[in-house]
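Step one of this worksheet: look at the structure below.
The values are calculated or read from the model by the stated rules, or taken from the named source; none is laboratory data. All of these numbers come straight from a predicted model, not from anything done at the bench. Here Cβ is always computed from backbone atoms with ideal geometry, including for glycine, and neighbour counts include all displayed protein chains.
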């Protein structure tokens, strides 16, 4: 094992409620909407007169999802049977426990989610039978859930799930409340879309935010803080691109141009990250752990998607 690195303490504001002896926490969001977490992943469920509507099914929570539903249903004298399962997107880490639920469950998601699940052919993730293209409103047991797709961000199919009567918005893998994103902006496939998604979220009316990761719910200020962090990375990447002269790297590595490019990009990412890491350490958890990695992907997007720093040979 390589030497393990020491990192800054986690701000207490980033932490969520304690888990029970089975390793999960379930709590009320608003009225009959509940959320479940294992302190790393999150999902949610709505109890209705037509059964339970489950929003995502992360495998790390796994069978504890049904245990959490059973706990709430027993306490409130309502059905514990999952009748509907809404997929936020196709990734296995958020819907990989979908097969635990009855094969007759109505599965709902974006049309691209169905296409990708059919492609992946993973028995743990049965494809959603019901689809939509841009907008769909579900009316289940007198409760309303608005689904919307605004284009690729974290994944090609990632959707907004809005519960207006519960003052709640669910948008997975964009903002980790209290924490920085992990590798490559939460492993996002479309960085411009990822950067735009928080503004889309804030355009809705809501009080409670379910981001899919870590141990607590989010607030509108969490979204705004994330926006500032990412905006600082974009601006810092521009400054880093402007400040770096690649000539010494090409002189050092000669014919090995890949070595020179690797060193140039890594140094650009380091310069991008340095002031942002310093600013947000102690503000956002793990800023000293992941900012340089996130900076690399943001810097690349600024270069390749926005064309910043490009030049045409005379």
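Couple of notes before you dig in:
- Sole exception among (1) outside the structural domain of residue 44 (by TED's automatic domain parsing); (2) touching a helix residue (DSSP H, G or I) at 6+ places or on another chain (Cβ under 7 Å) for residue 256, by number: (2)
- Every test in (1) in contact (Cβ under 8 Å) with a residue 12 or more places away in the chain; (2) more than 19 Å from the chain's Cα centre (by Cα) is passed by residue 139 save one, and that test is (1).
- Verdict on residue 7 being in contact with a helix residue (DSSP H, G or I) (Cβ under 7 Å, 6 or more places away or on another chain), in contact (Cβ under 8 Å) with a residue 12 or more places away in the chain, under 30 Å from residue 287 (Cβ atoms) and not assigned by TED's automatic domain parsing to the domain that holds residue 114: yes
- Segment 79-131: number of residues that are crowded, with 16+ Cβ neighbours inside 10 Å and either at pLDDT below 95 or under 17 Å from residue 171 (Cα atoms) (or both): 15
- Subset of segment 179-189 (residues that are in a loop (DSSP other than H, G, I, E, B) and either more than 25 Å from residue 302 (Cα to Cα) or without any contact (Cβ under 8 Å) to a residue 60 or more places away in the chain (or both)): 189
- Of the listed requirements (1) assigned to a loop (DSSP other than H, G, I, E, B); (2) within 22 Å of residue 88 (Cβ to Cβ); (3) out of contact with any strand residue (DSSP E or B) (no Cβ under 8 Å at 6 or more places or on another chain), residue 7 misses just one: (2).
- Residue 188 vs. criteria surrounded by 15 or more Cβ atoms within 10 Å (Cβ to Cβ), touching a helix residue (DSSP H, G or I) at 6+ places or on another chain (Cβ under 7 Å) and either more than 25 Å from residue 208 (Cα to Cα) or at pLDDT 95 or above (or both): yes
- Strands (runs of 3 or more DSSP E) lying entirely in segment 126-178 (those with 3 or more residues that are over 27 Å from residue 297 (Cα atoms) and in contact with a helix residue (DSSP H, G or I) (Cβ under 9 Å, 6 or more places away or on another chain)): 130-132, 143-148
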